[in-house]
Amino acid sequence: MNKKQSLNKKWVFFLEAEKKWKKANVPGFIHTDLLNNKLIPDPFFGKNETELEWIQDKEWLYKLHFKPDTEIFKQNKIYLNFTGLDTYADIFLNDTKILSANNMFHPWNVEVKSLLKSNQNELLVKFRSPMKEVSSKMEWLGYKLPADNDQAGGTSPHTRKAPYHYGWDWGPSLVTSGIWQGVELIGYSDWHIENLMITNQKCDKNSALLNIELILDSEVEETIEINIFEPKSKTDKTISFGIKKGENIFISDLEILNPELWWPVGHGEQPLYLFTISVVSSKNSVVKRKKIGIRSVLINRQKDSRGESFEIQVNDLPIFSKGANWIPADSFTTRLTKDDYKRLITAALDANMNTLRIWGGGIYEPDCFYELCDELGILVWQDFMFACSMYPAEDSFLESVEKEVRYQVRRLKSFASVILWCGNNEIASAWISWGWKEELPKTVWLDYKKLFHELLPKLCDELDPTRLYWPSSPGHDLNLPKVDQIYGRGDNHYWGVWHSGEGFEAFEDNVGRFMSEYGMQSFPNKKTIDSFSKKEDQTIDSEVMNSHQKASLGTANLLMYIEKYYKMPASFNSIVELSQIMQAEAIKYAVEVHRRNMPFCMGTLYWQFNDCWPGISWSSIDYRGEWKALHYVAKHFYSPVLISIKKTKTDLECFLVNDQNTKFKATLIFGICSFEGTILVEEHKQIIVEPINSINVFSFNMGSILSEIDLAKSFVYCELYKKNEILSKNELFFVKPKTLKLAQPDFEFSSHKNNEGTYIISLTTKTFLYRTFVQCDAIEGSFSENYFNMRPGTTKEIEFRTSLNSGDQEKVSFKVLSLYDLQ
Ligand code: BMA
């Protein structure tokens, strides 16, 4: 039998200042260990981040005394396996150096049989400062590789460590060290399974061809029996396989007839097949399990009159990709639990998203992330961890990257949710357009070529030819690009809004085939601001608030956008709220443009989904998991059927966007109404909703009304019904919000606790309410809807679900506010 022993417990780390060993957590980081021992203040509070820089310059020593299990000790081969070491570490077992690690993105494995003692063993892990490690190499190089987001001296391109640890324009610079994933002893005398992969080769509704791959390390030469069992497909087959000493790769094709296909959410179910692979030999038997979804995936890139499409197809059906960019959900990711991942990925689902892009400046996420995406039907665009920097390409660096890529592709390729491999974030674009090529030697671009156009595609092709390898996002070609983004080909990042100060209408002129980034900032929720600042620091440009704003253009740019569209409120709290409403309107504008342009445009992912700390950023969910206005509004602009109104010089055009492969009859109501409730125009129209399409279904010529109504006091509305069910509703204004003459809100609301323990808030209004929001100060929770517009004379019910840790309070009071109250 193979034996495993976890070595995660009872670690200590050395505190130089006290000359004492202190309790450590594995998995963990030095910052969290110092914090848990109350040796440093919360790095996220106030300006503490900058006071903790000393941590990154020091060496850190971790120690464990352990006794191997007797069963393990008996085995012929005993491996010590570190799943993740961050980053430069020398490892000593009983005073003998066994390993020198330099990459946090792959495991480190070493055979220790001859050094291991049956009773007391000492394992020592010595971390060196990642900055000091590379500074000499940087001097020798003679030029500095660009790393604009690195706030810790610019060493990050040389180190295979999460780029965002060094700082980013939404996150702190907290350069960690630590045993950030588990440690175990693995003992065996004959053979050991290192990896099990089950991948989709091809499939349709009649048949699926799967590929089962086992990697075994063996000490012996013998024949093993491999049984493949899966109940749903009635698979039960046993294959004999001869193994020899060393690495053995077993590969077998498996056909499943009439498979239940896996679909992204909104297009079908997510059935999973549970495989049990049992491997048996004369003296050993091991069972491994894997759940997989059966589907085909393709990024359809067809030349056409406007360039080349970039369309995800799952099971041959075009999927309009809707979602956001994911960053690591904590600066110290070892604190995240499976529940945290579940809460966040469920929030993507709740907002009608079907895609998350794992952006290249973070980490390869843990298995549970992808398991949840498989279970819930969220597609994953997977970047390799390279972002916004040029990277070296000397042999040792490439070897290290190769190990990383081999490990990660093998770990992730069985997941149905993963749809493509992308080499990096924005590097090609940066080389061409950010002034780097003018300043750096040409060899830097050749190094880029080696990494992203030679090594990575070669490895992806070898390890997973079923998915597209896309060299860089944004990108338009598989070959080394000569020009920056092209808006008719590939994927695009559009940052004219925010980085260049363009108005929202600029989204209209910058539509590509797949919009993988664009964004707008906002403040986090007030309770999150309270978590990192004292009352006296809660002003727009206090030092504390500025220390939680990392973007180069800063809060001034955020205020500029608020002022462009809204009247600037006086109070800090109102500015916080209004920043979120403005952000929601910006992204709503962009997404509607992208969706109206379907099928030319087949994807839209806003920047950014989540936060790694409580800061001012582009996220729609803040660090503490609270939804910003944007996340609530996303639920509507990402709904499977969307009605969107576009104003041209002369007309109001209603576009009907349908993501689904269904055709049905519906009723469209179009109207113009005053804020007090006088209906000026209303038309009802029967329409046919076409599958996977966007069509202008109704145009209204404004000529007749423009002179008759007060444009500052009225709004356009559109509603789409299928029988009595409302599928989508939308509103449009003739002038900017700051020019609107909103009627004084005249509404009533009541709330009660219902049997399920949630609260129902009923709201009836006589006047138009612009972005109404309900607040509950006493306890935390989430609303079924929030930040919505309400037409005069309408009623709405929303549900408030308290968070688990909020306690059960009978009397909870709510506040209802809207834009009117903020200005
Ligand atoms: C994008 C990202 C990030 C950055 C964001 C906001 O392009 O790839 O690098 O955080 O812009 O500036």
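No lab work stands behind these numbers, since they all come straight from the coordinates. On a predicted model such as this, the values are computed, not experimentally measured, just so you know. All Cβ positions, even for glycine, are placed from backbone atoms using ideal geometry, and neighbour counts span all protein chains on display.
If you take the square roots of the eigenvalues of the alpha-carbon gyration tensor of region 76-223 and sort them as a ≥ b ≥ c, do you get rounded (a/c under 1.5), prolate (a/b over b/c) or oblate?
oblate
May I ask which of Lys97/Lys283; Lys117/Lys244; Lys646/Lys713; Lys47/Lys137 have a Cα-Cα span longer than 27 Å here?
Lys97/Lys283; Lys117/Lys244; Lys47/Lys137, as the Cα separations exceed 27 Å there.
What pairs from Lys342/Lys815; Lys342/Lys753; Lys144/Lys437; Lys649/Lys736 go past 18 Å between their alpha carbons?
Over 18 Å Cα-Cα: Lys342/Lys815; Lys342/Lys753.
Do you know the relative contact order of the chain, to the nearest whole percent, from alpha carbon pairs under 8 angstrom that are 6+ apart?
Computed over the chain, the figure is 9 percent.
Rounded, prolate or oblate: which one fits region 686-823, using the alpha carbon gyration tensor with axes a ≥ b ≥ c (rounded when a/c is under 1.5, else prolate when a/b beats b/c, else oblate)?
Oblate shape, in that a/c is at least 1.5 and b/c is the bigger or equal ratio.
Starting from region 355-448, pick out the trypsin sites (Lys or Arg not before Pro) whose DSSP state is loop and whose Cβ has at most 11 other Cβ atoms within 10 Å.
Lys442
If you count, for each residue, the other Cβ atoms within 10 Å and average over each peptide, how do 164-171, 639-646 line up from highest to lowest?
Ranked from most to least packed, the peptides come out as 164-171, 639-646.
With a cut-off of at most 16 other beta carbons within 10 Å, and DSSP calling the residue loop, which trypsin sites (Lys or Arg not before Pro) in region 218-289 qualify? Please list them.
Lys232, Lys234, Lys244, Lys245, Lys283
Apply the a/c threshold of 1.5 to the C-alpha gyration tensor of region 300-434 and tell me whether it is rounded, prolate or oblate.
Oblate.
For region 98-196, what's the relative contact order in percent, using C-alpha pairs closer than 8 Å and at least 6 residues apart?
RCO, region 98-196: 21 percent.
Hey, got a sec? Which trypsin sites (Lys or Arg not before Pro) in region 141-206 land in a DSSP loop and have at most 12 other Cβ atoms within 10 Å?
Passing both the DSSP loop test and the Cβ count: Lys205.
Could you sort 596-604, 250-258 so that the peptide with the highest average Cβ count within 10 Å comes first and the rest follow in order?
Packing proxy ranking, top to bottom: 596-604, 250-258.
Mind checking the full-extension length gain between Asp530 and Val287? Use 0.36 nm per residue of separation minus the Cα-Cα distance, one decimal, nm.
So the chain would gain 82.5 nm between Asp530 and Val287.
If you take the beta carbon distance between Tyr721 and Lys202 as r and set R0 to 51 Å, what does 1/(1 + (r/R0)^6) give as a FRET efficiency, to the nearest 0.05?
Once rounded, the FRET efficiency stands at 0.80.
Counting only C-alpha contacts under 8 Å and six or more residues apart, can you give the relative contact order of region 177-266 as a whole percent?
29 percent.
Given N residues in region 167-306, what is Rg(Cα) / (2.2 N^0.38 Å)?
1.41
Quickly work out the Ala712-to-Glu221 label distance, labels modelled 7 Å from Cα along the C-beta direction, and quote it in nm with one decimal.
9.2 nm
Which FRET efficiency value, to the nearest 0.05, do you get for Lys144 and Thr276 by plugging their Cβ-Cβ distance into 1/(1 + (r/R0)^6) with R0 = 51 Å?
0.45
What is the Cα convex hull volume of the chain when expressed per residue in Å³?
In the chain, the Cα hull volume divided by residue count equals 178 Å³.
Rank by packing, highest mean first: peptides 30-39, 507-516, 100-109, with packing defined as the count of other Cβ atoms within 10 Å averaged across residues.
Descending packing order for the listed peptides: 507-516, 100-109, 30-39.
Past 30 Å, Cα to Cα, is the threshold; run Lys4/Lys413; Lys22/Lys288; Lys534/Lys766 against it and keep the listed order.
Listed pairs above 30 Å: Lys22/Lys288; Lys534/Lys766.
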